[in-house]
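Peer 1: Pasting a structure below so you can have a look.
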4 protein chains.
Amino acid sequence: MSMNSFGHLFRVTTWGESHGPALGATVDGCPPNVPVDAAMLQHWLDKRKPGQNKYTTQRQEPDAVEILSGVFEGKTTGTPVQLMIRNQDQRSKDYGEIARSFRPGHADYTYFTKYGNRDYRGGGRSSARETAARVAAGGLARAAIDALLDGVTIKGYMVQMGDRKIDRSRFDPAEIERNPFWVPDAQAAAEWAGYLDGLRKDHNSVGAIIEVVASGVPAGLGAPVYAKLDTDIAAAMMSINAVKAVEIGAGMGAAMLTGVENADEMRMGPDGVEFGSNHAGGILGGISTGQDIICRFAVKPTSSILTPRKSITKEGREIELITKGRHDPCVGIRAVPVGEAMMACVILDHLLLHRGQIGSNQGIIDV
Amino acid sequence: MSMNSFGHLFRVTTWGESHGPALGATVDGCPPNVPVDAAMLQHWLDKRKPGQNKYTTQRQEPDAVEILSGVFEGKTTGTPVQLMIRNQDQRSKDYGEIARSFRPGHADYTYFTKYGNRDYRGGGRSSARETAARVAAGGLARAAIDALLDGVTIKGYMVQMGDRKIDRSRFDPAEIERNPFWVPDAQAAAEWAGYLDGLRKDHNSVGAIIEVVASGVPAGLGAPVYAKLDTDIAAAMMSINAVKAVEIGAGMGAAMLTGVENADEMRMGPDGVEFGSNHAGGILGGISTGQDIICRFAVKPTSSILTPRKSITKEGREIELITKGRHDPCVGIRAVPVGEAMMACVILDHLLLHRGQIGSNQGIIDV
Amino acid sequence: MSMNSFGHLFRVTTWGESHGPALGATVDGCPPNVPVDAAMLQHWLDKRKPGQNKYTTQRQEPDAVEILSGVFEGKTTGTPVQLMIRNQDQRSKDYGEIARSFRPGHADYTYFTKYGNRDYRGGGRSSARETAARVAAGGLARAAIDALLDGVTIKGYMVQMGDRKIDRSRFDPAEIERNPFWVPDAQAAAEWAGYLDGLRKDHNSVGAIIEVVASGVPAGLGAPVYAKLDTDIAAAMMSINAVKAVEIGAGMGAAMLTGVENADEMRMGPDGVEFGSNHAGGILGGISTGQDIICRFAVKPTSSILTPRKSITKEGREIELITKGRHDPCVGIRAVPVGEAMMACVILDHLLLHRGQIGSNQGIIDV
Amino acid sequence: MSMNSFGHLFRVTTWGESHGPALGATVDGCPPNVPVDAAMLQHWLDKRKPGQNKYTTQRQEPDAVEILSGVFEGKTTGTPVQLMIRNQDQRSKDYGEIARSFRPGHADYTYFTKYGNRDYRGGGRSSARETAARVAAGGLARAAIDALLDGVTIKGYMVQMGDRKIDRSRFDPAEIERNPFWVPDAQAAAEWAGYLDGLRKDHNSVGAIIEVVASGVPAGLGAPVYAKLDTDIAAAMMSINAVKAVEIGAGMGAAMLTGVENADEMRMGPDGVEFGSNHAGGILGGISTGQDIICRFAVKPTSSILTPRKSITKEGREIELITKGRHDPCVGIRAVPVGEAMMACVILDHLLLHRGQIGSNQGIIDV
């Protein structure tokens, strides 16, 4: 119910603003005895961290996470884990104009309208910095999943930037970590570099599509109606700043399919049920099938750009607004580790929910 | 937290199976003194009701809603409203084979795996009948919105069936109620009739895209991070059976936009802020802007089809499965009133949440 | 969050008014494959049912429960269980005066103030009839506990009526079912009969104290801070109409104890840890110890009495009010099965929560 | 749902252990524009702070609260408020023996059993230090109540320590702040000093009863069944460490009353409804009446005492345990500001819930 919380049993509450002293995640409901330390979480935070190349904001933040509670002698205790990240490189003076006017396409106007009092420095809570806390919590979720199950992997990557799409025939997982875009297609990575350079020099920004795949998730996670696994994935991804759409499996393309095409046919393989295809994205009736769980989400272009856009001030004066400061030309890039983190949180949460209500799967194919 | 509940303050819990004695919605948190009676809710249920034309299942159900509690002397009392719909036309014998085998693309396999015990008759809880309860609850939400605000309208319609899309230059709201597809384009309606007839005769089915627009929603509804208005809309729509994707505003297309294009520029009009475009779909930073709230979702094709598909039985035997029974060739059609109902529930819920935390908007453009 | 729901994973939402067509409980989160039928639930409802002797209201209600969903072929499916009880013996004309005035000590005034629109017939939702739904849900909880664990028993009984207390040296569990007061002391039962007869003839009513004991509950259920097992028991009991206090173990008397007295000393017995006493009432730090869980709660006297009391009308006119109608001279009697039901719901809920977060107890005394 | 959270709309999650680097409260849902700074919260923390006199633990902690988020330019922003208190005076070596054995009457055994991994230093999360975070959150709740309403006061005090009770004929509110026991009776304060000195020298401890009164709370707050105002107060108080019982109004004594006595008669006064008595403790049917809200709770004696008690080690060895370290001879003393804080959180939460569902009271006495 809490407006800044996510999850049912593994429950993450993020707090903090872009230019306050710190931000973080209060994580409740983590199973006990999960081996974890700050370095394990830092691994994931370092992927999201700004300032690593010219394609992300130049703000220099170590994004060093501190574990303030809930971990004792290298293991979780089952009590709340507080993950805090101090802000270091605030340049609040960059934000003078935003205090008095509203960036088109940004949350400035709606925050002001609703709350009146708004921490305009760096967007306050609407800043992409909020997602650092999610990545820390996602790191903890990954550690807990590993403690409970073998062989679950969660991997995100970009599949589209602007109108440039990857060529899936060139899909190479090893490539993802080698380029600044988290793209599994070396040729695309090379081309996109020039494309984004051009946009950046042109004082512009661009959107992107991220795909996140969870493999090795057992069948049976989820619930039929409102706590469907896909419902919670959709909510998880749509809750990330700048996300405007979420797809599971065939996604929007499911509208184009006929029933004959869409049926993921089933056969018995040596290790149990096998599917001939995965239009379902690993989820049927809100419950995992055991196939890869596949989700995509679209990130809109950064609204803070150097090109003047028509806007208004708090006094209703019409202006042309240029947003100075340090911003991501394609904020979708840094959304990759965030999407992975949210997927990890959802998977762990449903593992715990499933164990709570069901114990272990009740239906076995009785060959 | 409840797995079959939706909403924070206006909280809907649906219950019931396709072939049990009844199904319904337990609605908690409705404001008191909302004028409502069964006929007002029936109006919306009649739109979703099966058997009205050859494009929907031939099951004959009056879907008559009874109000069992929470309404006294024609007004809500503020206590739980129980909305019950009795099932009438169950032909459970049609479902013998499904008891022992799994329809590809359907929840049969995952329900069986998770729960062991599965009400296979008509899909039990995974049946589209579950959505009748949502429509009843949505009718109550509409009545409550009308009691609290003037001028909010919520309208859904189909924009795509299979590979056929509407021509937005022919968009005519009046046309929506005139054709069996809820399509705002008379020419499309005519063409789609033949297209769907062909698919039906071919023992096939097809997917669709629904658009739902809420107009007149005031600025300020929603919250920044996990209870974002768009997060809750995404969850609401993805929770509907067979939905595989949800878009807000520009949706997946936001990936194609540049920041210059995406900025919905602002100007002062005679009645306050005006926007030059609405790529945001009426939501910025999770909070409504006062523009139309625009959402689209994709519905996959019905998986119960008469064309044989490869599957397995509970004993792991490989079979070719044909699904007899009465099914929708395009279940997306009946999803239109369901999408409207979910939008109504989300809007009302956020009206109440906003009033609870904020009272009324705190920031005023001070011209 | 829902205002008429109780429980985290095993979640009960009650609905319905005293004089509406029906009332019931929507139960979400029940484990699948729990053997249950209406007769099993009716067993518990029959204990709470009115009109069974002269010490309870003479309203004649069969309180027959119908299972409308979530049970298939004699077992729960894991989806919502709707338990409905139709009202039969409404005499709404008895309530004319209450429609216009407020019974002192009753919810009439506060309901009217808050909601404006109030179902005054029989107290609407503030009627003790609401507790029938709890007893039905509690019956389901008992069935689920039995399916998950061996040897848990939950037993309630009266220990005080007015100023008459039981003599614990005469405590006889077998006596509880033999008298109309659920008193484990035959001599007290005989004496209380005359005492209550006198009060009834005197147009008066009286309060009571109920004790509920859960035996066989394993150690480890509960959580440290806000989802403490005792917190949830306190909330469960205080949520019952007319309850004004809740005690765990030594209860209010804990204030009188010294630390030396209060320490429940521990020793190793043949089957593990043994305690020398149970001032803790089976709960330490919010988590069960494995000892009996002991709770007591006080029920105030029925406020609907035939003795005139000063009150006011909706128009602010001062009156002397006599409450006609059929009422319990000691509503605490029928609170016994209700207290048991709430205890069952809490125990099951915490069993599921424990299994969800922890799996099974992580610390073993390593002899 | 989160196990370390409290409240529906004003939602407090506490985190942190007695001997970790810090503890705190993550507060979500606070209304915006509430004037608040660290000094305002420190005022309340200073009342609970240890080491102020010989009747509380000698641990020296400044309990200095830092506001890390959610407050901007001296006002709340409506986003999460993180309140952090660093631990300073940890003497972890005092706790060597507790790491291997279980204090009778303490959470040591149950934490170990459930979680396996337990931060034994100072009791970890079961320490009374956890309540510092509640007091900080309660200070914020008070500030928000003051911003929304005039004239609400929340006052706690001790009414019993061991077998010594206050004499209500000597009740003097001004006395509460003048003595180390928060007792509104100067003569009792003097006598109790000697009594507690004796117990302390005798290596013993003792229980207490605290009363908390909220005055000026408007009628209409609360809800009928499970979110009753008294249910939430009971849960709030029972969630405090060492609390074993909660009473509202007449409390356990309600069992002794007849219906004639218990009826709080109503009359019209110059400012509206007046009541002749307040056995209800300001709550009828779960909803506030406008009278004083009166609650009492019992705190058991500190289980960490210097007198040897029989216990066992993790290896099942039987021992005589003496608890060294610094402990409160009557932890009930410091529970006074904690009870006030919890009451403040409940009142604010219900103010917001009421505004959310109802707006403002719907029923007016129409003279």
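Peer 1: Considering only residues that are crowded, with 21+ Cβ neighbours inside 10 Å and in a loop (DSSP other than H, G, I, E, B), which ones fall in region D:180-203?
Peer 2: Those that are crowded, with 21+ Cβ neighbours inside 10 Å and in a loop (DSSP other than H, G, I, E, B): D:PHE181, D:TRP182, D:VAL183, D:PRO184, D:ASP185.
Peer 1: Of everything in region D:36-53 that's aliphatic (A, V, I, L, M) and touching a Gly at 6+ places or on another chain (Cβ under 8 Å), which residue is nearest to D:VAL338 (Cα to Cα)?
Peer 2: Only one residue tops the list, namely D:LEU45.
Peer 1: Could you please find all residues in region D:106-121 being open to solvent by less than 10 Å² (accessible area, probe 1.4 Å) and under 20 Å from the mean Cα position of the chain (by Cα)?
Peer 2: Hit for region D:106-121 is D:ALA107, nothing else.
Here's the yes/no breakdown for (1) at the interface with chain D (Cβ under 8 Å from one of its Cβ atoms); (2) aromatic (Phe, Trp, Tyr); (3) open to solvent by 20 Å² or more (accessible area, probe 1.4 Å):
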| position | (1), (2), (3) |
| --- | --- |
| C:LEU229 | no, no, no |
| C:MET266 | yes, no, no |
| C:PRO270 | no, no, yes |
| C:SER288 | yes, no, no |
| C:LYS310 | yes, no, yes |
| C:GLU318 | yes, no, yes |
| C:VAL331 | no, no, yes |
| C:VAL336 | no, no, no |
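Peer 1: Suppose the filter is outside any helix (DSSP H, G or I) and more than 9 Å from chain D (Cβ to nearest Cβ); does C:VAL225 pass it?
Peer 2: Judged against the criteria, C:VAL225 is not a match.
Peer 1: Return yes when B:ALA174 is among the small types (Gly, Ala, Ser), open to solvent by 20 Å² or more (accessible area, probe 1.4 Å) and more than 30 Å from B:ILE364 (Cα to Cα) and no when it is not.
Peer 2: When the stated conditions are applied, B:ALA174 passes them.
Peer 1: Assuming C:ILE209 fulfils every condition listed in (1) in a strand (DSSP E or B); (2) more than 13 Å from every other protein chain (Cβ to nearest Cβ) apart from one, which condition is it?
Peer 2: Going through (1) in a strand (DSSP E or B); (2) more than 13 Å from every other protein chain (Cβ to nearest Cβ) one by one, C:ILE209 breaks only (2).
Peer 1: Related question: Filter region A:139-152 for residues that are part of a helix (DSSP H, G or I) and open to solvent by 20 Å² or more (accessible area, probe 1.4 Å); which is nearest to A:LEU68 (Cα to Cα)?
Peer 2: Step by step, filter region A:139-152, then rank; the result is A:ARG142.
Peer 1: Right, something else. Right, D:ASN179: more than 20 Å from D:LYS244 (Cβ to Cβ) and polar (S, T, N, Q) or not?
Peer 2: yes
Peer 1: Report, by residue number, each residue of region A:250-261 that is at the interface with chain B (Cβ under 7 Å from one of its Cβ atoms) and open to solvent by 10 Å² or more (accessible area, probe 1.4 Å).
Peer 2: Across region A:250-261, the qualifying residues are A:ALA250, A:MET252, A:MET256, A:LEU257, A:THR258, A:VAL260.
Peer 1: Check B:LEU348, B:LEU353, B:LEU284, B:LEU306 and return the single one that is among the hydrophobic types (A, V, I, L, M, F, W, C) and at pLDDT below 95.
Peer 2: None of the others qualify; the one that does is B:LEU306.
Peer 1: Could you run through region A:62-78 and say how many residues are at the interface with chain D (Cβ under 8 Å from one of its Cβ atoms), buried (at least 17 other Cβ atoms within 10 Å of the Cβ) and touching a residue at least 12 places away in the same chain (Cβ under 8 Å)?
Peer 2: Residues that pass the stated criteria total 7.
Peer 1: Moving on. B:TYR157 fails exactly one of the following numbered conditions: (1) under 18 Å from the mean Cα position of the chain (by Cα); (2) modelled with pLDDT of 95 or more; (3) in a helix (DSSP H, G or I). What is the number of that condition?
Peer 2: (3)
Peer 1: Now for a separate question. Give me the pairs: first residue in region C:290-303 and at the interface with chain D (Cβ under 7 Å from one of its Cβ atoms), second residue charged (D, E, K, R) and in a loop (DSSP other than H, G, I, E, B), beta-carbon distance under 7 Å, and six or more apart or on different chains, which are they?
Peer 2: Correct list of pairs: C:THR302/C:ASP328; C:SER303/C:ARG103.
Peer 1: Return the residues of region A:179-196 that are farther than 10 Å from A:ILE166 by Cα, touching a Phe, Trp or Tyr at 6+ places or on another chain (Cβ under 9 Å) and among the small types (Gly, Ala, Ser); say none if nothing qualifies.
Peer 2: Scanning region A:179-196 gives a single hit, A:ALA193.
Peer 1: Here is a list: A:LYS324, A:LYS314. Which entry is of a type in the set (Lys, Arg), more than 14 Å from chain C (Cβ to nearest Cβ) and surrounded by fewer than 18 Cβ atoms within 10 Å (Cβ to Cβ)?
Peer 2: Only one candidate qualifies: A:LYS324.
Peer 1: Right, next: Please go through region B:171-224 and give me each residue that is of a type in the set (Phe, Trp, Tyr) and either over 21 Å from the mean Cα position of the chain (by Cα) or at positive phi (or both), ordered by number.
Peer 2: B:PHE171, B:TRP182, B:TRP192, B:TYR195
Peer 1: While we're looking at this one, here's another question. Scan region B:96-109 and tell me whether some residue there is facing another protein chain (nearest Cβ under 7 Å) and assigned to a helix (DSSP H, G or I).
Peer 2: yes
Peer 1: Another question, then. Just checking, does region B:79-92 include any residue being assigned to a loop (DSSP other than H, G, I, E, B) and at pLDDT 95 or above?
Peer 2: There is at least one residue in region B:79-92 that is assigned to a loop (DSSP other than H, G, I, E, B) and at pLDDT 95 or above.
Peer 1: Next up: Find the residue count for region D:9-29, including only residues that are over 12 Å from D:GLY124 (Cβ atoms) and surrounded by fewer than 24 Cβ atoms within 10 Å (Cβ to Cβ).
Peer 2: Adding up the residues that qualify gives 2.
Peer 1: Tell me, which residue of region C:15-48 that is outside any strand (DSSP E or B), without any contact (Cβ under 8 Å) to a residue 60 or more places away in the chain and of a type in the set (D, E, K, R) is farthest from the other protein chains (Cβ to nearest Cβ)?
Peer 2: Looking at residues that are outside any strand (DSSP E or B), without any contact (Cβ under 8 Å) to a residue 60 or more places away in the chain and of a type in the set (D, E, K, R), I get C:ASP46.
Peer 1: OK, next. Could you check how many residues of region C:49-65 are more than 20 Å from C:ALA208 (Cβ to Cβ) and part of a loop (DSSP other than H, G, I, E, B)?
Peer 2: Selection size over region C:49-65: 5.
Peer 1: Shifting gears a bit: Which numbered condition in (1) touching a residue at least 24 places away in the same chain (Cβ under 8 Å); (2) surrounded by fewer than 20 Cβ atoms within 10 Å (Cβ to Cβ) is the only one that D:HIS354 fails?
Peer 2: For D:HIS354, the failing item is (2).
Peer 1: Could you look through region D:231-262, keep only residues that are out of contact with any helix residue (DSSP H, G or I) (no Cβ under 6 Å at 6 or more places or on another chain) and part of a strand (DSSP E or B), and pick out the one that is nearest to C:ILE233 (Cα to Cα)?
Peer 2: The extreme case among them is D:GLU247.
Peer 1: Going by what's in this entry, would C:SER239 be described as closer than 29 Å to D:ALA25 by Cβ and hydroxyl-bearing (Ser, Thr, Tyr)?
Peer 2: Yes, satisfied.
Peer 1: Is it the case that region B:271-284 has a residue that's more than 28 Å from the chain's Cα centre (by Cα) and without any contact (Cβ under 8 Å) to a residue 12 or more places away in the chain?
Peer 2: Yes, region B:271-284 contains a residue that is more than 28 Å from the chain's Cα centre (by Cα) and without any contact (Cβ under 8 Å) to a residue 12 or more places away in the chain.
Peer 1: For D:ILE347, indicate whether it is in contact with a helix residue (DSSP H, G or I) (Cβ under 9 Å, 6 or more places away or on another chain) and either at the interface with chain C (Cβ under 9 Å from one of its Cβ atoms) or open to solvent by 30 Å² or more (accessible area, probe 1.4 Å) (or both).
Peer 2: Judged against the criteria, D:ILE347 is not a match.
Peer 1: Looking only at region C:103-133, how many residues end up being in contact (Cβ under 8 Å) with a residue 24 or more places away in the chain, of a type in the set (D, E, K, R) and within 24 Å of D:GLN357 (Cα to Cα)?
Peer 2: Count: 4.
Peer 1: Take the residues of region C:121-138 that are in a helix (DSSP H, G or I) and among the charged types (D, E, K, R): which is modelled with the lowest pLDDT?
Peer 2: That would be C:ARG121.
The values are calculated or read from the model by the stated rules, or taken from the named source; none is laboratory data. None of the values given here were measured: they were computed from a predicted structure. Note that we place each Cβ from the backbone using ideal geometry, even for glycine, and neighbour counts take in every protein chain shown. What goes into the accessible areas is simple: the full protein's heavy atoms, side chains included, and nothing from ligands, DNA or RNA. Shrake-Rupley method; radii C 1.70, N 1.55, O 1.52, S 1.80 Å.
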